[in-house]
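Here is the structure we will look at, set down as structure tokens.
We did not get these values from a lab; they are worked out from the coordinates using the rules stated. Keep in mind that what you see is a predicted model, and the values were worked out from it rather than measured. Methodologically, a virtual Cβ is constructed for each residue, glycine included, from the backbone with ideal geometry; neighbour enumeration extends over all protein chains shown.
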Amino acid sequence: MKLLYFAWLRTKIGIGSEEIEPPEGVADVAGLLDWLKGRGDGYADALANLSLVRVAVNQEYVALDHPVAPGDEIALFPPVTGG
Amino acid sequence: MTVRVQQDDFDVGAELAALTEGNHAIGGIASFVGVVREMAGDEKIGAMTLEHYPGMTERALAEIEAEARRRWPLEACLIVHRFGRLEPGDRIVMVATASAHRQAALEACAFLIDWLKTKAPFWKLEETAGGSKWVDARDTDSAATKRWIEE
């Protein structure tokens with residue numbers, strides 16, 4: 001699956017996108033975020049407070065219990081500040 | 001009917017003229033233009049950079065526009081949002097709506113900018129003398145969006 005990071009999630013994690021293959025037990029967004037936190041200090045820092053993280057799967061906002069599957073495009077970003 | 005995400009500036013007069021050209025059912029046009037404010041709290045900003053999520057941005061704006069058209073009888077509707085580095089005074093966003101009577105245009109215009117601010121995936125990075133800082137989402141923006149939630 002493809003992961004995209006924006007704004008301060010991108011700067012804390014250090015990259016804007018990556019292709020990943022999470023282990024089999026990762027079935028939903030919450031599981032994915034848990035697994036990502038263990039991938040390094042930047043990830044742990046970026047995902048420390050999930051109330052500040054918004055998630056889109058295939059470009060639609062989703063909740064933490066939304067399923068994730070191989071081939072998905074999953075974006076993590078802070079609350080939006082456009083306009 | 002029209003959603004655009006672009007780096008370049010836009011001409012408000014030309015956009016309004018193009019939006020309504022030839023449609024004589026229109027009796028009123030409302031517009032909102034957002035510009036870069038010089039002050040961020042009590043700090044002066046030199047510039048800001050707008051980042052966005054190409055693909056999802058266009059999709060989110062199209063959904064917001066469709067929602068406005070579902071709620072109000074609009075003859076025409078436009079959202080233009082810029083990205084990239086902008087300086088104080090630069091235009092950021094333009095929303096315009098046109099309808100037979102003013103109320104639909106005015107309400108839909110307010111709805112579009114309120115919803116866009118809390119739903120379209122854009123993020124502002126402000127540059128000040130002290131360094132660069134990502135802008136935090138404002139509670140007042142979510143409150144402004146909540147007033148449009150249908151019972």
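Which of rounded, prolate, oblate describes the stretch A:23-83, given a ≥ b ≥ c as roots of the alpha-carbon gyration tensor eigenvalues and a/c under 1.5 marking rounded, otherwise prolate only if a/b is larger than b/c? It is oblate, given that a/c is not under 1.5 and a/b is not larger than b/c.
Taking the empirical scaling 2.2 N^0.38 Å for compact globular proteins as reference, the stretch B:9-48 has a Cα radius of gyration ratio of 1.80. In whole angstrom, note down how far apart the Cα centers of the stretch B:48-80 and the stretch A:33-64 are. Taking the Cα centre of each part, the stretch B:48-80 and the stretch A:33-64 sit 26 Å apart. Taking Cα centre as origin and charging only the Cβ of basic (Lys, Arg, +1) and acidic (Asp, Glu, -1) residues, the dipole magnitude of the stretch A:23-83 rounds to 180 debye.
The alpha-carbon of residue B:133 sits under 19 angstrom from the alpha-carbons of these lysines, leaving out residues fewer than 8 places away in its chain: A:12, B:44, B:117, B:124. The charge dipole of the protein assembly as shown, taken about its Cα centre with unit charges on the Cβ atoms of Lys, Arg (+1), Asp and Glu (-1) only, comes to about 400 debye.
All C-alpha pair distances within the protein assembly as shown, sorted into 10 Å bins from zero, spread as 7, 29, 32, 21, 9, 2, 0 percent across the bins.
Here the stretch B:11-142 is assigned +1 on the Cβ of each Lys and Arg and -1 on the Cβ of each Asp and Glu. Its dipole about the Cα centre then comes out at about 240 debye. Of the residues A:57, A:20, A:40, the one whose Cα sits farthest towards the positive end of the charge dipole of chain A is A:40 (charges of +1 on Lys and Arg Cβ, -1 on Asp and Glu Cβ, taken about the Cα centre). Take the Cα radius of gyration of chain B and divide it by 2.2 N^0.38 Å, N being the number of residues; the result is 1.07. With the helix formula -39500 (n - 2.57) applied to DSSP H stretches of n ≥ 4, chain B reaches a computed 222 nm mean residue ellipticity of -10500 deg cm²/dmol.
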